[in-house]
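Down below is the structure, laid out as structure tokens.
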Amino acid sequence: MSIRYAVVFEKGPTSWGASVPDLPGCIAVAKSREEVEVLIREAIEGHLVAMRECGIPVPAPAHVVGEVEVTPAA
């Protein structure tokens with residue numbers, strides 16, 4: 001069984017970051033978007049294993065990803 005969690009990717013001046021809103025503290029940082037995607041997948045998997053080992057219930061995904069287009073005011 002697989003679970004799909006929303007991931008927020010952020011581009012910084014010299015690196016990429018990723019975080020999972022449904023799993024506080026689950027983050028990754030890398031030099032490229034591709035690398036941070038690999039690292040956040042590994043971080044999520046490790047986070048879930050640690051939660052189970054500690055007897056903490058794994059939360060169901062609650063966040064939904066979407067985009068909203070806006071026109072900036074002049």
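Between 0 and 90 degrees, the angle of helix 33-53 with respect to the longest Cα principal axis of the chain falls at about 30 degrees. Accessible surface comparison of Ile3, Ile44, Ile56, Ile27, probe 1.4 Å, protein chains only, largest first: the order is Ile27, Ile56, Ile3, Ile44.
What you get for the chain, charging only the Cβ of Lys and Arg (+1) and of Asp and Glu (-1), is a dipole of about 60 debye around the Cα centre. With the helix formula -39500 (n - 2.57) applied to DSSP H stretches of n ≥ 4, the chain reaches a computed 222 nm mean residue ellipticity of -10000 deg cm²/dmol.
Between Ala74 and Glu10, full extension at 0.36 nm per residue minus the direct alpha carbon distance yields a gain of 20.4 nm.
In the chain, the DSSP beta bridges split such that about 100 percent are antiparallel, to the nearest 5.
The values are calculated or read from the model by the stated rules, or taken from the named source; none is laboratory data. Since the structure is predicted, the reported quantities are computational estimates derived from the model, not experimental observations. A quick note on method: Cβ atoms are made from the backbone with ideal geometry, for glycine too, and the neighbour counts reach across all protein chains shown. What goes into the accessible areas is simple: the full protein's heavy atoms, side chains included, and nothing from ligands, DNA or RNA. Shrake-Rupley method; radii C 1.70, N 1.55, O 1.52, S 1.80 Å.
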